[in-house]
1. Just reorder M374, M183 by solvent-accessible area, largest first, 1.4 Å probe, all chains present.
2. Given an 8 Å cut-off on Cα distances and at least 6 residues of separation, report the relative contact order of the chain as a percent.
3. In a shell of Cβ-Cβ distance under 9 Å around Q320, excluding Q320 itself, what net charge do Lys and Arg (+1) and Asp and Glu (-1) give?
4. What list of whole percents do you get for P(r) of the range 267-466, with Cα-Cα distances grouped in 5 Å bins up to the one holding the largest distance?
5. With Cα extents along the principal axes in Å in mind, check [x] 104, 72, 41; [y] 119, 74, 46; [z] 89, 53, 42 and report the label derived from this structure.
6. Taking the Cα centre of the chain as origin, sum charge times position over the Cβ atoms of Lys and Arg (+1) and Asp and Glu (-1), and report the length of that vector in debye to the nearest 20.
7. Near V64, within a Cβ-to-Cβ distance under 14 Å, what is the net charge of the other residues, with Lys and Arg +1 and Asp and Glu -1?
8. Excluding T149 itself, what net charge comes from residues whose Cβ is under 11 Å from its Cβ, given Lys and Arg +1 and Asp and Glu -1?
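The values are calculated or read from the model by the stated rules, or taken from the named source; none is laboratory data. As the structure is a prediction and not an experimental result, all values here were calculated from the model. We place every Cβ from the backbone using ideal geometry, glycine too, and count neighbours over all the protein chains shown. Quick note on the areas: whole protein, heavy atoms, side chains included, nothing else; ligands and nucleic acids left out. Shrake-Rupley method; radii C 1.70, N 1.55, O 1.52, S 1.80 Å.
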Amino acid sequence: MVVADSPCSDTGTILRVRGPLEFTCRLDSTDALHTHKVISRTFQTLHSQVKSESCVLTVCDSPVIIWPNRGVHATPEEISPDTLCEDLHQWIQTDEQESAGKRSAKKKSKKSSAVNVINLRLMMEVTKTGPVSAPILSKTVQKSHFLSTTLPIDCVIRTTCNDTIKDAFERLLAALTHQLCEMEKVTLQHMKGTSLVKPEPLHFLLPEPKGLVTVVYPAGVPDSQLETQRKELHQQFELPDDWPYFRRANAYHFPNEPYKDGYLRNPHLFLTHPTLENGKVYLVQGIYSYHHYMQDHMDDNGWGCAYRSLQTICSWFQQQGYTERPVPTHKEIQQALVDVGDKQASFVGSRQWIGSIEVQAVLNQLLEVTSKIMFVSQGSELASKGRELANHFLTEGTPIMIGGGVLAHTILGVAWSETTGQIRYLILDPHYTGAEDLQVITDKGWCGWKGPEFWDQTAYYNLCLPQRPKII
């Protein structure tokens, strides 16, 4: 069910090969044993294709073509088996190169991705050199079942700066054949009669030193029915049994692929941590989306900050795999409060504020997530809450919603010194009204580190600290 690549390093290149392999076979009977034998035989044919000289890997957005089973023959001729993998980058035409002239006057991006990805396409040569035989047609009248599907091959390996094309592509072919074995197991395990379940390869980035891992799941089978497989994976990789690592929502998002929904993810990762004497930094764990004023064609400027903070929290639970429910809209949040009896029906569609207590109620109603509420009688007391906040990010790792006066914010972490009591707060500000511009958001402090003076020293505050379910 799984293949683990070598441990990830801070920098390096991922080789990712994708492509369709056509799976077709004919069943002369529906006997289960016969069906399994035919399917296994068909997978052996696919193994032979991948190992044949007809197997071709093309580097996307480049003229590079590689025949891995012909002594790693490649074109252009400047590329040899001893060429370093990282040298393939110079052949790849990127969007940045195409628009370099247009962007010359603009600022450079905040931070380049530490991981480079080289995308390859798996293909098969269908023509051969030499004399061609005339086709022969035959006709057989027979009742049989014809099974057909497309296997979505998706393999990854990590390379180092010293890996040659020969070494890397040998490992890549081994990963391809292993993935076919895993696909065969999943197909046979979940087959019902003569109905094929398509195998679905997913990649997961585990804590160091385990690195990038590929798991093959049966497509269409929900996560709720795959708990036994996840438990086995947690045992295999010695992972804790109170945090999801192998739900579909946990799948690794490759750095060269934009998110389709348009929201920014984890803008705090592009910030420099503050330095405090004997201080440590405690941060949100996992991935969240930045939700703020004026998104989703919704003009909530001046009243929707707590709604947006709640949406950010909901996105965290969604993207860690705790829920498959989409991030709720303002109206869905309001309806949830009506459903629990907290508000009157007229509240739905209004522009009324909500606070930490309402955020707690909505999380419980929509996601079945419980929360702790921390009361602070005046903003100056927040400076003394370093231990509680640090412990929250260590044990729960969820974003915190804080409301006070007429403003709401999201706390993503704290830098805190146990010896001096110094503290800084990592704030995600939902009052931002601009575009999804990471440069502006981080440079202008919409996502940034703030001191104790950030809070109104005389206003009271309520903090909603969501507690994550202890599940896998």
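1. Of M374, M183, the descending order of accessible area is M374, M183.
2. Details: 862 pairs, mean separation 77.0, N = 472.
Relative contact order comes out at 16 percent.
3. Values: positive: R247, R468; negative: none.
Net charge around Q320: +2.
4. Whole-percent P(r) values from 0 Å outward: 1, 8, 16, 21, 22, 16, 10, 4, 1, 0, 0.
5. [z]
6. Details: 45 positive and 52 negative charges, 149 e Å.
Computed charge dipole of the chain: roughly 720 debye.
7. Numbers: positive: R121; negative: D61, E77, E78, E86, D87.
Counting the neighbours of V64, the net charge comes to -4.
8. On the way: positive: K198; negative: E22.
Here the charged neighbours net out to 0.
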